[in-house]
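Worksheet: one structure, shown below.
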Amino acid sequence: MRTILILVISFCFTTAALAQISIVRNGKATGRIVVNQSHTTDLKAANILNSLIKKITGVTLPVVSVNTKIERGDLILESQSALKESGIEEDGFRFTSNDSTFVITGSKGSGSVYGVVTMLEDYFGVHYYAANSCTFPHLKELNLPMNISRTENPSFRFRQTQAYSLATDTLYKIWHRLKEPREIFAGNYWVHTFDRIMPSGKYGKTHPEYFSFINGKRRPGAASQWCLTNPEVFELVSAKVDSIFRANPGRHIISVSQNDGNSTNCSCEKCKTIDEKEGSPSGSIIYFLNKLAARFPDKEFSTLAYLYSVAPPKKIKPLPNVNIMLCDIDCYREVSLTENASGKSFMKNMEGWAKISNNIFVWDYGINFDNYVCPFPNFHILQTNMKLFKKNNVNMHFSQIGGSKGGDFSELRSYVVAKLLWNVNCNVDSVIQSFLTGYYGKAAPVIYQYMKIQQGALLGSNIPLWIYDTPITHKNGMLNPQLMRRYRELFDNAEEAVKADSILLKRVWQERLSIQYAELEIARTSAIENADQIRKELSLFRNRAHILGVTSLNERNNTIEAYCDLYLERNIPSAKSSLAHQAKVNFPLPPDKPYDKIADKALTDGLLGGATFNESWVGWSGKDGEVIIDLGEVKEIESVQADFLHKLGSWILLPKSMSCYASTDNLTYSLIGKKEIAEDRSVEVKYVNIGVKANEKIKARYIKVHVETIGLCPSWHYGVGYPAWFFMDEIWVY
Ligand SMILES: [Zn+2]
């Protein structure tokens, strides 16, 4: 079988090699580029083509106008305006050749440009892996195939990723046929736009009735929503939308979409009536959007189906010029959407929307947002999920893969996702292998093996893969001690394979950061015995990240430098020991489920939690907390400190105050001190140490710590009107 296959391949190759149109031979131009120089896109395509042909061969082709007599070797760039008749859709292109000329035909959009980059990749062997990571063959001859007709149309009309390369390399975006919201959405209004369109800061005080009624009152705020049944809101929004379109001629789509807050929709009588009838808060949203879409029939309106509004309405159908931006943020990603409960629930919603709309934008998530630098083996589900989107009338797609530098397989992830956005049926394994070979050189087979072992281990572990996991989530699964040893060996081998090439070696280092980070995170979940070893590993992690220019740890702007500093400060055992170490605790005001499970030990075990609160943290929701620590015997104390988590995205806010009391008999308590805690609106995750100090030493056996909650999330927060959490992971008594 194998022999026959090889014979067939070589036969085809030979035939193709014989029948070709030469455009460069012996280092000299034998072809020309024929282009309508007044057509901006075609001219841009011609310029890209010629500049890259120069890089490959050192030759520049003559560029002539379309009125010139066509000659053998001509490469003709053209765009057609009639979309349907040509069979070429927006951004699509066609290659047509006879025995002497080669034509690239584009249509509306960037078709001729995408035809050129496809030609460069498929026929001339140019590969674009990441910003400034493009490989060119050096050739004396360039040929194109004769007598072909090949049409390519994109799988999705709008294709967006988050590759870091987009920010610094304009050709990268073109090469991967990606778009950015500001290119199509008027005024860059593309998501979470309610507060931009009708600011709560401007109208909240004078017209609270324009905003959501939540928990008994109107609560205007940047994360609150609109009262969608208020006619004055509709008129104000219409006028604003009209002015945005006027200020942005040439743009036809705008997003009118809920702010980023969960369950903050309006529940006034009128809104509630619609939403109950429609079986989902998306009901009142679609009523509002349809009214806008009817008032501006030549424009398109995008709106979110996200968190509370993800389920489709039962009766009303969005008008064709209403675009539904559907988000699968709550899904686990170890298997595709049809294979686990979270995915099935999303599928039900997506299928529901597909029944009433064929204008759907899916916002999908494909990286760990709390820990960019952390293994996230989801390559095996990407294609299946994208095919499901395509099947369900999705025509616009944003794959939020958090493509920051140093993120898990950031370059590969961006590359594969871009290929799929263009052609959902591409051969993903061959795309991955081709990327690895080009990007990691001799280390490619080992890296591929690493990916496969980790993927198998994830599936075998039955632990879900979530976009807010930590490595600790998987410490008994795909990151267990045996597998971590295996990954270390594989990376040692990968480094050895490319040690002579500093560029490739750095790429391997960069991928290894995920495993180094996982080791450090897992190490701090038990008492650190070999502190020197951990210091060494921390320093290697920090230094390599610095050399590689990897700075971001997560989507909340925490940096690797700060992480390393905090690790030394928080997790390496210090000489100063707490009198409360391993003391018994009682809870007059107990914590809340599910963050009460480890409460009996966590506050005095000496272990501090990380940004993701699946270990070490104890949490209270919307009410005060109270802890009594029994030191076992009367001791002399002078200060009490506690460690709190600040993580706005998870509704974990700092409490209002902390008061500490001392007692010798657990009956009569005297106040040691009270600390008021300032509000903090910054998005970074923080660990905040709050302490009280006595004026002089006090004798005490029992320490009572009373923490006063802020109650409900404030108006500026995503959870406005709902209980705020506060989290503690340790209390120290000195
Ligand atoms: Zn309302």
Subset of the stretch 276-289 (residues that are in contact with a helix residue (DSSP H, G or I) (Cβ under 6 Å, 6 or more places away or on another chain) and either among the polar types (S, T, N, Q) or near the ligand (Cβ under 10 Å from one of its atoms) (or both))
282, 284
The condition of being away from the ligand (no atom under 16 Å from the Cβ) and modelled with pLDDT under 95 holds, among 307, 326, 292, only for 307
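Condition check ((1) outside the structural domain of residue 517 (by TED's automatic domain parsing); (2) within 11 Å of the chain's Cα centre (by Cα); (3) within 28 Å of residue 456 (Cα to Cα)) across all residues:
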position: 351; (1), (2), (3): yes, no, no
position: 355; (1), (2), (3): yes, no, no
position: 358; (1), (2), (3): yes, no, no
position: 361; (1), (2), (3): yes, no, no
position: 385; (1), (2), (3): yes, no, yes
position: 404; (1), (2), (3): yes, yes, yes
Among the residues of the stretch 455-468, are any in contact with a helix residue (DSSP H, G or I) (Cβ under 9 Å, 6 or more places away or on another chain) and over 29 Å from residue 607 (Cα atoms)?
yes
Across (1) in contact with a Gly (Cβ under 9 Å, 6 or more places away or on another chain); (2) touching a residue at least 24 places away in the same chain (Cβ under 8 Å); (3) in the same structural domain as residue 390 (by TED's automatic domain parsing), residue 165 clears everything bar (3)
Within the set of pairs 6+ apart or on separate chains, which have a first residue in the stretch 493-520 that is without any contact (Cβ under 8 Å) to a residue 24 or more places away in the chain and over 16 Å from residue 451 (Cα atoms), a second that is of a type outside the set (Gly, Ala, Ser) and surrounded by 20 or more Cβ atoms within 10 Å (Cβ to Cβ), and C-beta atoms under 8 Å apart?
505/498
Kindly list the number of the only condition in (1) surrounded by fewer than 24 Cβ atoms within 10 Å (Cβ to Cβ); (2) among the β-branched types (Val, Ile, Thr); (3) more than 12 Å from the ligand (Cβ to nearest atom) that fails for residue 273.
(3)
Over the stretch 425-459, the set of residues among the aromatic types (Phe, Trp, Tyr) and farther than 20 Å from residue 333 by Cβ is 435, 439, 440, 448
Just need a number here: residues in the stretch 185-216 that are touching a residue at least 12 places away in the same chain (Cβ under 8 Å), over 25 Å from the mean Cα position of the chain (by Cα) and within 16 Å of the ligand (Cβ to nearest atom).
13
Residues of the stretch 82-136 that turn out to be under 29 Å from the mean Cα position of the chain (by Cα), of a type outside the set (A, V, I, L, M, F, W, C) and assigned to a strand (DSSP E or B), as a count
5
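Could you please let me know if residue 548 is closer than 27 Å to residue 621 by Cα, among the hydrophobic types (A, V, I, L, M, F, W, C) and outside the structural domain of residue 640 (by TED's automatic domain parsing)?
Working: closer than 27 Å to residue 621 by Cα: no; among the hydrophobic types (A, V, I, L, M, F, W, C): yes; outside the structural domain of residue 640 (by TED's automatic domain parsing): yes.
For residue 548, the condition - closer than 27 Å to residue 621 by Cα, among the hydrophobic types (A, V, I, L, M, F, W, C) and outside the structural domain of residue 640 (by TED's automatic domain parsing) - is not met.
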Here the qualifying pairs (Cβ atoms under 6 Å; residues six or more apart or on different chains; first in the stretch 314-326 and buried (at least 21 other Cβ atoms within 10 Å of the Cβ); second among the hydroxyl-bearing types (Ser, Thr, Tyr) and part of a loop (DSSP other than H, G, I, E, B)) come out as 318/357; 324/357
So for the stretch 631-642 (the condition being under 30 Å from residue 553 (Cα atoms) and crowded, with 17+ Cβ neighbours inside 10 Å), does at least one residue qualify?
yes
The listed residue being surrounded by fewer than 22 Cβ atoms within 10 Å (Cβ to Cβ), over 22 Å from the mean Cα position of the chain (by Cα), assigned to a loop (DSSP other than H, G, I, E, B) and not polar (S, T, N, Q), out of 456, 460, 477
477
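Residues that are under 21 Å from the mean Cα position of the chain (by Cα) and surrounded by 14 or more Cβ atoms within 10 Å (Cβ to Cβ), at least 3 per element: which helices (runs of 4 or more DSSP H) completely within the stretch 485-578 meet that?
Working: elements: 502-523, 531-548, 560-570.
Where helices (runs of 4 or more DSSP H) fall fully within the stretch 485-578 and carry at least 3 residues being under 21 Å from the mean Cα position of the chain (by Cα) and surrounded by 14 or more Cβ atoms within 10 Å (Cβ to Cβ), they are 502-523.
Quick check on residue 173: is it crowded, with 20+ Cβ neighbours inside 10 Å, within 30 Å of residue 133 (Cβ to Cβ) and more than 14 Å from the ligand (Cβ to nearest atom)? First the steps, then the outcome.
On the way: crowded, with 20+ Cβ neighbours inside 10 Å: no; within 30 Å of residue 133 (Cβ to Cβ): yes; more than 14 Å from the ligand (Cβ to nearest atom): yes.
Spelling it out, it is not the case that residue 173 is crowded, with 20+ Cβ neighbours inside 10 Å, within 30 Å of residue 133 (Cβ to Cβ) and more than 14 Å from the ligand (Cβ to nearest atom).
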Check residue 235 against each of (1) buried (at least 21 other Cβ atoms within 10 Å of the Cβ); (2) within 16 Å of the ligand (Cβ to nearest atom); (3) modelled with pLDDT of 95 or more and name the one condition it does not meet.
(1)
Restricting to the stretch 351-379, what's the tally of residues that are buried (at least 24 other Cβ atoms within 10 Å of the Cβ) and either of a type in the set (Val, Ile, Thr) or not in a loop (DSSP other than H, G, I, E, B) (or both)?
5
Might you let me know whether the stretch 130-142 holds any residue that is in the same structural domain as residue 85 (by TED's automatic domain parsing), touching a helix residue (DSSP H, G or I) at 6+ places or on another chain (Cβ under 8 Å) and buried (at least 21 other Cβ atoms within 10 Å of the Cβ)?
yes
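Would you call residue 248 away from the ligand (no atom under 15 Å from the Cβ) and modelled with pLDDT of 95 or more? I'd like the intermediate steps shown before the answer.
Working: away from the ligand (no atom under 15 Å from the Cβ): yes; modelled with pLDDT of 95 or more: yes.
Yes: the conditions hold for residue 248.
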Which pairs do you get when a residue that is under 19 Å from residue 335 (Cα atoms) and in contact (Cβ under 8 Å) with a residue 60 or more places away in the chain, found in the stretch 462-489, comes within reach of a residue that is crowded, with 18+ Cβ neighbours inside 10 Å and basic (Lys, Arg), reach meaning Cβ atoms under 6 angstrom, with the pair 6+ apart or on two chains?
465/333
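For the stretch 256-270, what are the residues that are near the ligand (Cβ under 9 Å from one of its atoms) and of a type in the set (Gly, Ala, Ser)? Steps first, answer last, please.
Step one: filter the stretch 256-270 for residues near the ligand (Cβ under 9 Å from one of its atoms), giving 265-270.
Hit for the stretch 256-270 is 267, nothing else.
The values are calculated or read from the model by the stated rules, or taken from the named source; none is laboratory data. None of these values were measured; they are calculated from a predicted model. Quick reminder, even Gly has a Cβ in these numbers, built from the backbone with ideal geometry, and neighbours come from all protein chains shown.
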